[in-house]
1. Return the residue satisfying two criteria in turn: it lies in the stretch 98-128 and is crowded, with 18+ Cβ neighbours inside 10 Å and of a type in the set (D, E, K, R), and of such residues it is farthest from the ligand (Cβ to nearest atom).
2. So which of Ala411, Ala374 is aliphatic (A, V, I, L, M), without any contact (Cβ under 8 Å) to a residue 60 or more places away in the chain and part of a strand (DSSP E or B)?
3. With respect to Leu49, is the statement that it is within 14 Å of Thr88 (Cβ to Cβ) and surrounded by 20 or more Cβ atoms within 10 Å (Cβ to Cβ) true?
4. Working carefully through the options Glu244, Glu283, find the one that is among the charged types (D, E, K, R) and in contact with a strand residue (DSSP E or B) (Cβ under 7 Å, 6 or more places away or on another chain).
5. Return yes or no: is Thr381 surrounded by fewer than 18 Cβ atoms within 10 Å (Cβ to Cβ), within 16 Å of the ligand (Cβ to nearest atom), hydroxyl-bearing (Ser, Thr, Tyr) and in contact (Cβ under 8 Å) with a residue 24 or more places away in the chain?
6. Of the residues Leu85, Leu150, which single one is closer than 30 Å to Thr70 by Cα, buried (at least 24 other Cβ atoms within 10 Å of the Cβ) and away from the ligand (no atom under 16 Å from the Cβ)?
7. Would you mind finding the one in Gly578, Gly573 that is assigned to a loop (DSSP other than H, G, I, E, B), buried (at least 19 other Cβ atoms within 10 Å of the Cβ) and within 19 Å of the chain's Cα centre (by Cα)?
8. If I go through the stretch 260-290 residue by residue, how many of them are modelled with pLDDT of 95 or more and either within 16 Å of the ligand (Cβ to nearest atom) or not in a helix (DSSP H, G or I) (or both)?
Amino acid sequence: MASVTSLTDSVQQQLASALTATRPEAAGADPLLRRSDRADFQANGILALAKKAKANPRELAAEAVAHLTTGDLIKDVEVSGPGFLNLTIADRAITANLAARHADGERLGVPLKENAGVTVVDYAQPNVAKEMHVGHLRSAVIGDALRGMLDFTGEKTIGRHHIGDWGTQFGMLIQYLFEHPGELAPAADVDGEQAMSNLNRVYKASRVLFDSDEEFKERARKRVVALQSGDKETLELWQQFVDESKVYFYSVFEKLDMEIRDEEIVGESAYNEGMPETARLLEEMGVAVRSEGALVVFFDEIRGKDDQPVPLIVQKADGGFGYAASDLTAIRDRVQDLHATTLLYVVDVRQSLHFRMVFETARRAGWLNDDVTAHNMGYGTVLGADGKPFKTREGETVRLEDLLDEAVQRAAEVVREKARDLTDDEIRERAAQVGIGAVKYADLSTSPSRDYKFDLDQMVSLNGDTSVYLQYAYARIQSILRKAGEVRPAAHPELELHEAERALGLHLDAFGDTVFEAAAEYAPHKLAAYLYQLASLYTSFYDKCPVLKADSPEQVENRLFLCDLTARTLHRGMALLGIRTPERL
Ligand code: ARG
């Protein structure tokens, strides 16, 4: 494995040394290098530098140019505007750089980061005995993409699916099952759909009893106490709900083409035993205080109605623990036992106040500090195509599986229309990859904090910023490579490059930098935008530069090489986002 220094980094280094040679005080200053329409790169950093040195920016720029060696890497440099530098890269350097990436297999020359840490990613956290909704979809899709990107940079990620598998609501469910044994089939005997329909039935029936029968309600309350005190029979019934729900969860995750590991499903219940200790520690340290019997944490800056402080409740007056206690205990576990350096939560933005309070509490307790930080990637709401909260025409919440099934069905129509030589089985397989890819991409190409419109027509469109467009670009390249037959892709750095080849090449070189930036900022949409741009640049290259009919055999090989590297970059980038790229479409 040989990592490749990106052209941007190499130019950046040369510029920085030229600047330091010009003015020693410029050492460490950022030349602010950007891709540009005028030249390959533009450096804007001289303006700030000139201001600091009280120098004329154009003169300073000219001095820097004098210190810059042109040749192998930088072919040409000129001063422009108020003191910008426009830089042109040598064709040979571009091709040689891409050739090194091409030779580096799956990593495409992208280095591993030096001081990798451990990030625990809390995502895909549905609730036991409940249907998954579009919010859970976002958490799963975004979390999975973040893990893909972080892993690729060399960070170690550990997943935690903090499922809702604990709490007072289980008293009602368990008591009902106790009184109506056999209402849940053994988990081994059901598929996802049956599991959910059984759970729904039990949920509804127990709810009716709970709301209408005072005595049942009382028995359900006692059942909560039995559950919390670890009564064996009660726990067994509780486990049935968990197992049945997992059958359902797994069926949805499979439909989503997402790998979820059993050992990473660590729900609220897992922290049950540690919660009294969490409360004791917080009280001992004085982070939490008793208030009207409850154990709470107050925050100066967090206030609700009438300017009253909103406390975080660690333990209720009746001794019970809730959501906050489980999250605080989870933090202790993740920091102390998993040795996390970063805690990342992919949870609906509507829970952001909860996390603010939980994180601040953990900081006061010293569980979080400068070396261990926590972030909530609060994501926005999923809206319907009409921009209103996502509901069926009847005003009900949309079932997640129905939604995914419909996406796959739409994709099948698109695939069938385009494909001439595909069998029915192949169409089914492609439709799943296209449909699920479309759902994931639509989500990931929007900034996570924004609400986004779930619009199937737009998602599976062949034009515009969609995964289908990217998948077609990939499949088209594969078809060209197949057509090339015996002729293999090969780099020829001696060849002069067409404008469209240069643009494509410089963009290919930026893949690693983009993944690192997107991973560091938890911004999958930046990688999505990069890939879309890559497909667009490829399209214009393909329009302008004949590949198989190019002028010389070397030219054909070199263009095939650009095609191949584009395909591999598309494939890798999409894979990091959790999206497949079929070889044929
Ligand atoms: N189960 C919760 C829900 O459906 C999300 C859990 C988020 N994670 C956490 N550590 N609190 O809203």
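The values are calculated or read from the model by the stated rules, or taken from the named source; none is laboratory data. Keep in mind it's a predicted model, so treat the numbers as computed, not measured. Quick reminder, even Gly has a Cβ in these numbers, built from the backbone with ideal geometry, and neighbours come from all protein chains shown.
1. Arg101
2. When all the criteria are applied, what remains is Ala374.
3. no
4. Glu283
5. Taking the combined requirement at face value, the residue satisfies it.
6. Unique residue meeting the criteria: Leu85.
7. Criteria check complete, one pass: Gly578.
8. 19
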